[in-house]
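Visitor: Quick one: the structure is below, and I'll ask about it shortly.
The values are calculated or read from the model by the stated rules, or taken from the named source; none is laboratory data. Model, not experiment: these values are computed from the prediction. Virtual Cβ from ideal backbone geometry, glycine too; neighbours counted across all protein chains shown.
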Amino acid sequence: MLSPTPSQRLPLVLLLSAGALGVLAVTLLLGMPRPTESLPVYGQLPAFALRDQDDRPFGEANLRGHVFIADFIFTRCPTVCPVLTERMRQLQREAKASGVDVRFVSFSVDPRHDTPPRLKEYARVHGVDLGNWSLLTGPLDVVEQTVIDGFRVLMGRDADAGDEDFLSILHGEHFVLLDAQARVRGYYTVAKDTESARTLLRDAERLTHEAP
């Protein structure tokens with residue numbers, strides 16, 4: 001069998017080179033991060049004036065410039081609130097370990113009972129790291145406007161319930177993701193779904209890279 005001449009081998013070399021380049025291109029394409037759609041915007045938080053666990057003013061302006069994860073609790077809650085707080089603690093630790101620049105805020109849905117000192121004691125009992133986590137309380141009407149109208153999260157209590165009937169207090173269990181413009185960007189069922197917690201942290205990291 002005759003061996004191909006150099007001129008006859010050239011097309012084969014070019015063909016192999018083109019094939020290798022094609023494989024390389026596909027490999028690079030598969031390895032490149034693919035563009036993803038931006039997270040939806042569900043609404044803008046209204047201005048509000050509340051107090052944190054140290055009785056310092058805290059309002060909508062304090063949320064701007066940072067990505068926040070928010071939840072809704074009350075200190076007398078014997079059921080889901082400790083679970084929510086523990087989930088938030090886990091997210092806080094994971095964010096710190098991963099270098100995700102996110103802050104945390106908890107709104108009391110029982111503000112007439114949850115004074116700043118009670119919130120601070122709740123934080124102590126539950127091991128809350130207050131370095132980048134604020135617990136808020138204030139006038140009931142302001143809290144309701146912020147939570148219901150701003151976050152679009154349920155809160156309330158039975159109309160005929162007395163102040164001591166804390167089991168009648170109702171509130172949403174979602175964690176809410178806020179961008180650096182204090183806009184609502186996502187709702188997550190973290191208390192019942194560990195995958196939702198991972199998604200929340202990934203989405204929070206995405207928002208830290210968004211242009212303001």
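Visitor: Within the stretch 36-50, which residues are of a type in the set (Gly, Ala, Ser) and part of a loop (DSSP other than H, G, I, E, B)?
Guide: Of everything in the stretch 36-50, those that are of a type in the set (Gly, Ala, Ser) and part of a loop (DSSP other than H, G, I, E, B) turn out to be 38, 47.
Visitor: I'd like to check something: does the stretch 150-158 contain any residue that is among the charged types (D, E, K, R), modelled with pLDDT of 95 or more, more than 14 Å from the chain's Cα centre (by Cα) and within 27 Å of residue 40 (Cα to Cα)?
Guide: yes
Visitor: Mind checking which residues of the stretch 121-145 are under 22 Å from the mean Cα position of the chain (by Cα) and assigned to a helix (DSSP H, G or I)?
Guide: 122, 123, 143, 144, 145
Visitor: For the stretch 160-207, give me every one of the strands (runs of 3 or more DSSP E) that falls completely inside it and has 1 or more residues that are at pLDDT below 90 and surrounded by fewer than 21 Cβ atoms within 10 Å (Cβ to Cβ).
Guide: 169-171
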